[in-house]
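Just below is one structure, and these are the notes that go with it.
We did not get these values from a lab; they are worked out from the coordinates using the rules stated. What you see is a predicted model; the values in this text were computed from it and never measured. Cβ placement follows ideal geometry from the backbone for every residue including glycine, while neighbour counts extend to all protein chains displayed.
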Amino acid sequence: MKMEKEKKFVSLLNLSGNIFLFLIKIFIGILSGSVALIADSLNSLADIFSSSLTLVAVRVSGKKPDSDHPFGHERAESIAGLIIGVLVAVIGFEAAKEGILKLIFGSEIRFGFIAATVLLITIALKILLAFYTKKTAKKSKSPALNAIAEDAKADVLISAAALIGVFGAMNNYSFLDPLMALLISVYIIWTGIKIILENSNQLIGKAPSKELIKKIEKKTLKIEGVKSVHDIKAQYAGNQIQVEIHIVVDENISVQQSHSIGKNVQYAVESMEEVNRVFIHIDPFKGSYFWKNGK
């Protein structure tokens, strides 16, 4: 419950920060004529939507399992992350189009000092948001918050590039502003693609690392009564992992004893931080035939 509250607080913090940054960047960007700053403001507009979506996703994913969703609502955050990735990529393409047009036809920057000040404020605020959001995302294993944190880190570089463009234009290198806008857009698109791929993998049930599978196997083999383990399958279900394990037990023990061994394995593996749910299949151990992993 405490973690859910922290996730909601971080989502609200990001939303508030992004609204503030969008308003000052779009105002000063239009006033100064800086296409790099306007491109950065569009990125902040995407961030507002992303933060709002994350807040909704965090609330949905925190709901308890019900009859319609017996395995919980964790995938809501991955869906939010996927939408955020698509939005970020679209904003990147729009910024690229604007940068190319200004690079071809030229642009003029007014009030460059004010624009530079806005970008410095943006960089400072985004560094703080990225650090705090990433810290919370790691603790909660939230894909939606992780997407927001990665986007905030990208925003720091984006604003730094925009700052170079503004300073360049202030010193009679007017081509630097649309050029930086173009570079900004490429980075925005790349960030969006990375977020899309990461959350798509979680939605389609990508397997976790081989190292984690080995950890699960070792933990299972430590349980008394387990002769061997095979066919360990695991997949991401949102930010959590579901595992299926086949364990081999003595064929001469009772059904109750087999059930107890299976439950002990289930509790042991579910105690792992990364694992949400474990399904156990029990196979009989026959004579001198030893099951091997993968058989």
What whole-number distance in Å separates the alpha-carbon centres of the stretch 1-42 and the stretch 183-231? 31 Å
Given a Förster distance of 35 Å, the FRET efficiency implied by the Cβ-Cβ spacing of residue 64 and residue 120, rounded to the nearest 0.05, works out to 0.20
FRET efficiency for residue 3 and residue 186, using Cβ-Cβ distance with R0 set to 35 Å, rounded to 0.05: 0.45
The relative contact order of the chain, taking Cα pairs under 8 Å that sit 6 or more residues apart, comes to a percentage of 19 percent
For n ≥ 4 DSSP H runs only, could you compute -39500 (n - 2.57) per run for the chain, divide by its residues and tell me the 222 nm figure to the nearest 500? -24500 deg cm²/dmol
Between residue 127 and residue 221, what is the spin-label point distance in nm, taking each point 7 Å from the Cα along the Cα→C-beta axis? 4.8 nm
Mean separation of Cα pairs under 8 Å and 6+ residues apart, divided by the residue count of the stretch 210-285: what relative contact order is that in percent? 33 percent
Compute the FRET efficiency between residue 271 and residue 97 as 1/(1 + (r/R0)^6), taking r as their Cβ-Cβ distance and R0 = 41 Å, and round to the nearest 0.05. 0.20
Note down the net charge around residue 87, summing +1 for each Lys or Arg and -1 for each Asp or Glu among other residues with Cβ under 13 Å from its Cβ. -3
About the Cα centre, and with charges only on the beta carbon of Lys, Arg (+1) and Asp, Glu (-1), how big is the dipole of the stretch 2-203? Nearest 20 debye, please. 680 debye
Expressed in nm to one decimal, what extension gain is obtained for the pair residue 211 and residue 175 from 0.36 nm per residue of sequence separation less their Cα-Cα distance? 8.0 nm
Residue-span extension gain [residue 138 to residue 233] - 0.36 nm each, minus C-alpha spacing: 31.8 nm
Based only on other Cβ atoms within 10 Å, what is the fewest-to-most ordering of 255, 265? 255, 265
Less than 12 Å Cβ to Cβ from residue 223, Lys/Arg counted +1 and Asp/Glu -1: what total charge do the surrounding residues give? +3
Count the net charge of all other residues whose Cβ sits under 12 Å from the Cβ of residue 15, scoring Lys and Arg as +1 and Asp and Glu as -1. 0
Going through the DSSP H helices of the chain, which span 24 Å or more along their own axis at the Cα atoms while scoring at least -1.0 as a mean Kyte-Doolittle hydropathy? 2-32, 35-61, 75-105, 112-140, 143-170, 176-203
Which Cα, out of 41, 96, 281, lies furthest along the positive dipole direction of the chain (beta carbon charges, K/R +1, D/E -1)? 281
Counting C-alpha atoms alone, how compact is the chain: give Rg to one decimal and Dmax as a whole number, in angstrom. 25.2, 87
Cα→Cβ-extended label distance, 7 Å offset, between residue 30 and residue 16, nm: 2.6 nm
